[in-house]
1. Students sometimes get this wrong: rank 286, 188 by accessible area, probe 1.4 Å, all chains present, largest first.
2. Residues of the range 234-317: accessible area per residue at 1.4 Å, in Å²?
3. I'd like the trypsin sites (Lys or Arg not before Pro) in the range 233-270 restricted to DSSP loop residues with at most 15 other Cβ atoms within 10 Å, sorted by number.
4. P(r) for the range 1-102, please, calculated from all Cα pair distances in 10 Å bins and given in %.
5. With springs connecting C-alpha atoms under 10 Å apart, model the chain as a Gaussian network and identify which of 284, 271, 54 has the largest mean-square fluctuation.
6. Anyone know which of 94, 229, 112 comes out most mobile in the 10 Å Cα GNM of the chain?
7. Helix-only estimate, please: 222 nm mean residue ellipticity of the chain, summing -39500 (n - 2.57) across DSSP H runs of length 4 or more and dividing by its residues, to the nearest 500.
8. With the cut-off at 21 Å, tell me which of the pairs 145/166; 73/152; 73/166; 114/256 have Cα atoms farther apart than that.
Amino acid sequence: MSKAFASQADLEEKKVSFTQLSEHAWAYTAEGDPNTGIIIGDDAVLVADTQATPAMAADVIRRIREVTDKPIKYVVLTHYHAVRVLGASAYEPQQIIASQDTYDLIRERGEQDKASEIGRFPRLFRNVETVPAGLTWPTMSFTGKMTLFLGKLEVQLLQLGRGHTKGDTVVWLPQERTLLSGDLVEFDATPYAGDAYFKDWPRTLDNIAALNPRALVPGRGAALVGEEQVQAGLAGTRAFISDLYQAVQAGAAAGKDLKAVYKEAYAHMAPKYGQWVIFDHCMPFDVTRCYDEVTQYPDPRVWTAQRDIEMWQALET
Ligand SMILES: [Zn+2]
């Protein structure tokens with residue numbers, strides 16, 4: 001029997017955890033589903049990554065309201081993916097902040113990405129009818145670095161290099177060495193690399209490691225507390241990206257076509273990473289993008305709902 005497309009067969013609800021990582025940082029996690037990071041400053045709250053729909057964001061807001069009544073002033077988009085951004089309106093923030101590179105990706109491919117991701121993850125787009133028409137647009141953008149002060153609390157938004165996407169941004173609390181990584185780092189969850197820059201990603205992880213975080217909220221998976229757990233999250237993500245890159249590069253260099261490279265890469269990766277959530281979902285997208293990068297496409301090609309299905313049928317049948 002062929003595999004169900006992407007995450008269409010994944011219908012089991014996950015258990016949500018809302019945990020405090022450091023004096024001002026909280027993590028909303030759900031057993032490998034997309035995480036949301038929360039910074040509670042002296043006078044305002046910042047939310048990084050919103051959940052996929054306003055209905056799902058309402059549960060994040062409910063958790064925030066259990067610990068503070070400060071206004072949710074800022075929403076940060078760590079990158080452009082629909083599953084991260086389309087819940088933004090629920091927070092009624094004063095500002096939605098993203099890197100200029102993320103803004104550019106929303107403008108260039110946001111519509112296609114929205115249709116594509118809704119098709120891939122029916123469970124994660126619960127009450128998709130609550131998503132406003134159109135796209136979620138940043139109201140402020142920056143390049144490289146931006147610093148916010150929530151009262152006395154310094155919050156840095158940093159572009160440390162390309163990886164999961166061209167526009168990746170991390171949220172960094174220098175005083176308590178806490179980092180919200182977005183999908184640049186995953187833990188016990190498969191990195192999605194369909195829009196990635198494989199050659200750059202490990203270097204960007206080195207730049208994260210150089211900050212020496214003491215706590216880290218990954219894009220998916222449990223919040224990481226203590227330098228040992230943070231290092232494990234960084235090392236696991238780096239190993240997955242490097243192993244996949246090497247396997248695909250070797251196959252492409254030997255003149256093999258995408259389908260042959262996919263079958264070999266899958267067999268090579270499954271023993272080590274097959275137990276991570278969304279492994280079967282991600283692998284066809286990740287290998288396709290990696291094959292593109294090592295052959296003829298320096299930048300990721302746009303995924304559309306139709307291209308998703310055509311690729312899946314070509315590789316999985
Ligand atoms: Zn993503």
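The values are calculated or read from the model by the stated rules, or taken from the named source; none is laboratory data. Everything numeric here is computed off the predicted structure, so don't read it as measured data. Here the Cβ positions follow ideal geometry from the backbone for every residue, glycine too, while neighbour counts run over all protein chains shown. Ligands, DNA and RNA are excluded from the accessible area calculation, which covers all protein heavy atoms including side chains. Shrake-Rupley method; radii C 1.70, N 1.55, O 1.52, S 1.80 Å.
1. The residues order as 188, 286, largest area first.
2. Values: 3680 Å² over 84 residues.
Result: 44 Å² per residue.
3. Details: sites: 238, 256, 259, 263; in loops: 256.
Qualifying residues, ordered by number: none.
4. That works out to 15, 47, 27, 9, 2, 0, in percent per bin.
5. In the Gaussian network model the winner is 271.
6. Among 94, 229, 112, the largest mean-square fluctuation in the Gaussian network model of the chain belongs to 94.
7. Roughly -12500 deg cm²/dmol at 222 nm, from the helical runs in the chain.
8. From 145/166; 73/152; 73/166; 114/256, over 21 Å: 73/166; 114/256.
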